[in-house]
1. Determine, yes or no, whether residue 213 is open to solvent by 50 Å² or more (accessible area, probe 1.4 Å) and in contact with an Asp or Glu (Cβ under 7 Å, 6 or more places away or on another chain).
2. Identify the residue in region 67-86 that is under 30 Å from the mean Cα position of the chain (by Cα) and part of a helix (DSSP H, G or I) and, among all such residues, is surrounded by the fewest Cβ atoms within 10 Å (Cβ to Cβ).
3. Name the pairs whose Cβ atoms lie under 9 Å apart, with the first residue in region 455-467 and polar (S, T, N, Q), the second open to solvent by 60 Å² or more (accessible area, probe 1.4 Å), and 6 or more positions between them or separate chains?
4. Go through region 287-318 and report how many residues are open to solvent by less than 10 Å² (accessible area, probe 1.4 Å), among the aliphatic types (A, V, I, L, M) and closer than 17 Å to residue 351 by Cβ.
5. Suppose we filter 65, 84 for residues that are touching an Asp or Glu at 6+ places or on another chain (Cβ under 8 Å) and over 19 Å from residue 383 (Cα atoms); which single one remains?
6. Could you please find all residues in region 110-142 being assigned to a loop (DSSP other than H, G, I, E, B), modelled with pLDDT under 95 and of a type in the set (Lys, Arg)?
7. Please work out which residue is surrounded by the fewest Cβ atoms within 10 Å (Cβ to Cβ), limiting yourself to region 229-277 and to residues that are free of Cβ contacts under 8 Å to residues at least 60 places away in the same chain and in a helix (DSSP H, G or I).
8. If you take the residues of region 48-65 that are under 30 Å from the mean Cα position of the chain (by Cα) and under 16 Å from residue 31 (Cα atoms), which of them is surrounded by the most Cβ atoms within 10 Å (Cβ to Cβ)?
Amino acid sequence: MKQYLLVMMALMVTISCARSQEKVEALYQEHCAICHGQNLDGGLGGSLIDGEWRHGGSSEAIFTSIAKGRPDMDMPAFEETLNSQQVRALVIYIREKESQAADRAAKLPRADVGKVVATQYHSYKLEEVVANGLKLPWGMAFLPDGRMLVTERPGAVRIVSADGQLQAEPISGTPDVLHHGQGGMMEVAIDPDHAENGWIYLGFTDPLDGGGKRCQTAIVRGKLRGNQWVDEQWLWRADDQFYTTSGVHFGTRIVFHDGYMFFIVGERGGGTQVQELWRPNGKVYRLFPDGRVPDDNPFVGRDRALPGIWTYGHRNPQGMAVDPRNGDIHITEHGPRGGDELNLLQPGGNYGWPLVTHGMNYNGTPITEKTQMEGVVPPLIHWTPSIAPCGLAFYTGDRFPQWKNDLFAGSLRNQTLRRLRIQDGKVVEQEVVLKGVGRIREVVTGPDGYLYVALNGPDRIVRLIPE
């Protein structure tokens, strides 16, 4: 019954938002610019981008100020002029402009190769590991012998030697991949017992037989024999009916914990479909490494539910990491325009997309006014405006002792690497440690204790070494 109600609420949200699709930029110019300036920098009313808020600077406080007004400041109430979705969109728009102004004023650590960068706890230098020859690197994983495997989104898996040399030829025999939109060859992960069993796992965009662009995320494993992919086993593949021509939101990260494999399938542009447990998209899965479903998964035995599902209601997570201290699994998830999330996975949890979000549509129209709801797991933090998070890793090395067990989150949109400290289930610190060297696609702790980062634009792999 709860699942049915959530799906019905999602449909109601869609219908409600269809009635109020005026773009947020037009809303601001029509209702707000006369007092706060066309560029939000002040006029009759105060600036909205200087970080100073007389009545509270939280998103909730700004929402209240717009909806209820501030009579003592001659600010009218807009709750009878604008609906709650439109007010929420204005809050996000103000946050975007405020953040852009703060970025212009901030002195963030922009790193160049060989330059010393100072952060709160450590200074480091940036060193290039692979500077040439890669095409859209997406995933990285280290073999026990120190070699690195790197996926290239167009379809290849490459080997980088322990001394940083890119092997000339890609690994042969890897699965056929459809490089379509945001999809392609994405994730690579190494079995925790690789030294004994040799298994390597790949997450990629699987094309449906028959040509065209119908595709879906899939997971396989195999082994390396020299430079050849062998002994391939398919571990997870959706039913053909769920293959679509959409080129967005594939998800695809893989981690291992406590004898299980966890992986992500993005929502594939399906919207409210992620609330339906019989559909594969918008879910995190928990399987044994050989693809079997554990009997204690939260939806095993439930009618019309895929038994491999661990959590649902996700949009497009592209970061996934296990806390080495307690086994907690965290994901970073793309919101739409705003509302990127850091989430802690809870068995059977619903993470709310698109019933609740701190974001709005890319074109500036509202999605919903709701940022929380009973039965929906809230994010630990959200980034509004969007940073486009991608790549996530806990630092487990010894080269940077004061970063030990901190979480590092990459970003595509504003090209930052953020350090987050998590204590007692809360983010207590957040710091930008790297900015301006490219779109950060992946971050991992290397066996040498350095922090490795895969970049797009220019395509290369760098590492942070202590100074």
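The values are calculated or read from the model by the stated rules, or taken from the named source; none is laboratory data. All of these numbers come straight from a predicted model, not from anything done at the bench. Glycine also receives a Cβ, built like all others from the backbone with ideal geometry; neighbour counts cover every protein chain displayed. We work out accessible area using only protein heavy atoms, side chains counted, and drop any ligands, DNA or RNA first. Shrake-Rupley method; radii C 1.70, N 1.55, O 1.52, S 1.80 Å.
1. no
2. The extreme case among them is 84.
3. What qualifies is 456/439.
4. Counting residues in region 287-318 that are open to solvent by less than 10 Å² (accessible area, probe 1.4 Å), among the aliphatic types (A, V, I, L, M) and closer than 17 Å to residue 351 by Cβ gives 1.
5. Being touching an Asp or Glu at 6+ places or on another chain (Cβ under 8 Å) and over 19 Å from residue 383 (Cα atoms) holds for just one of 65, 84, which is 84.
6. 115
7. 241
8. The qualifying residue surrounded by the most Cβ atoms within 10 Å (Cβ to Cβ) is 48.
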